[in-house]
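A short write-up of the structure that comes next.
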């Protein structure tokens, strides 16, 4: 049997695939892509156990992360403001429920700290967009009194819109000398991160005590380090009990430095390969069991494909849509409370403020340029409302394919199938889908695709045959399948380099 993404559910089922097929409905309708592929096909059998739902996906799972500098006014106008109707529309369209404000400009690369007027505008936007805010406070060369005053103002006015506060941005990467002698592009990663945890821990305690004294009801998250399970475990040991810590946070750019990629093609290939998944597995194994033992939720509050602003012609291509969708589901299936893709027109990298290559969308005079990663968020929003359902996946041809099933509150079930095959020799998937112990009266599908399945393209993407518009709207549609055949079977073709959501309902 091919390894199933939802491992904990696969382990819970002791029945064989043959047994499940014998008691399930086996539905028969052929679904061909509108632009039918001529690629070779490989068989996949997918069985959903709709009778034993598992863990729920958190309602605030999907989020974005921005630099704190984004909330400062530019020519008197603030990006996050309650009257920014197009941005509010786009947040709602993409299903975003979490907004993290931080990045390097919140801490070690501070240029200017926000004022009360900036916070008023930010939280006015948050209320209008329906999001909760995770806010990063300055630790490196910061002032505990300033942080305490910040938290006091925000909590006095906007407590209902606050998720938690972090103290410090990626403190493991702080310089250990007064003048940072590391090359500008080499200030992250285990080899160059030398700041001692003990120094951070002592400083964190000083700042946290000052904040708690001013705002006793405050909730913290941390340690907000990049791909560093050791710091997360130690932080939990020191501050995970009785010190207002409500959530453990990590950052993750599984591809590492964009500057070290030999080519954009290699960058795209890695994003869609098992190489990235090994990074997830190692980080998860390193700190999540400890968090669960303490009853603490965890969140990846700053993520994307490659750090240093992303990889040109990789992080901003269709490959990011397929990767991002699978990335979200992988962490949701492994009990994460959520994740926030770092984005913005500009991000702080190499001690500079530069255009973002991994952005979800960027500003235009009449709206936004929608990047491929935005399609991952929207596809997740369509298929990830509810509780995971156990599934069994038989993939004897070893396609580069993953699948996830989610049961909604109305008892419909959404199955998201991601075929990451691409390039010469890529194969379409011929999926035989069945469910155990449930029957469905109707089936609908929606597909994420790019022209010619080109993972290097940056434009022309559609979801449900429609693009996400620059004004923040989307008009994609579900397509209804014919009524199930007498034997109840459903056969679906998933073209290479595409994803499909199948929704079954009564």
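The values are calculated or read from the model by the stated rules, or taken from the named source; none is laboratory data. Remember, predicted model here, so these are calculated numbers, not experimental data. Quick reminder, even Gly has a Cβ in these numbers, built from the backbone with ideal geometry, and neighbours come from all protein chains shown.
Observations on the model:
- The set of residues in the range 439-460 that are surrounded by 19 or more Cβ atoms within 10 Å (Cβ to Cβ) and within 14 Å of residue 375 (Cα to Cα) comprises 446, 447, 448, 449, 450, 455.
- Entry remark, the range 247-272: residues being surrounded by fewer than 16 Cβ atoms within 10 Å (Cβ to Cβ) and either modelled with pLDDT of 95 or more or within 20 Å of residue 64 (Cα to Cα) (or both) number 4 in total.
- Note on the range 304-325: residues that are under 16 Å from the mean Cα position of the chain (by Cα) and surrounded by fewer than 24 Cβ atoms within 10 Å (Cβ to Cβ) total 1.
- Checking 122, 137 one by one, the residue that is at pLDDT 95 or above, more than 30 Å from residue 179 (Cα to Cα) and crowded, with 24+ Cβ neighbours inside 10 Å is 122 and no other.
- Count of the range 350-362 residues which are surrounded by fewer than 16 Cβ atoms within 10 Å (Cβ to Cβ), touching a residue at least 60 places away in the same chain (Cβ under 8 Å) and outside any loop (DSSP other than H, G, I, E, B): 1
- None of 377, 433 is in contact with a strand residue (DSSP E or B) (Cβ under 9 Å, 6 or more places away or on another chain), surrounded by 23 or more Cβ atoms within 10 Å (Cβ to Cβ), touching a residue at least 40 places away in the same chain (Cβ under 8 Å) and under 12 Å from residue 504 (Cα atoms) except 433.
- All positions within the range 462-480 that are closer than 25 Å to residue 504 by Cα and either assigned to a loop (DSSP other than H, G, I, E, B) or within 21 Å of the chain's Cα centre (by Cα) (or both): 462, 463, 464, 465, 467, 468, 474, 475, 476, 477, 478
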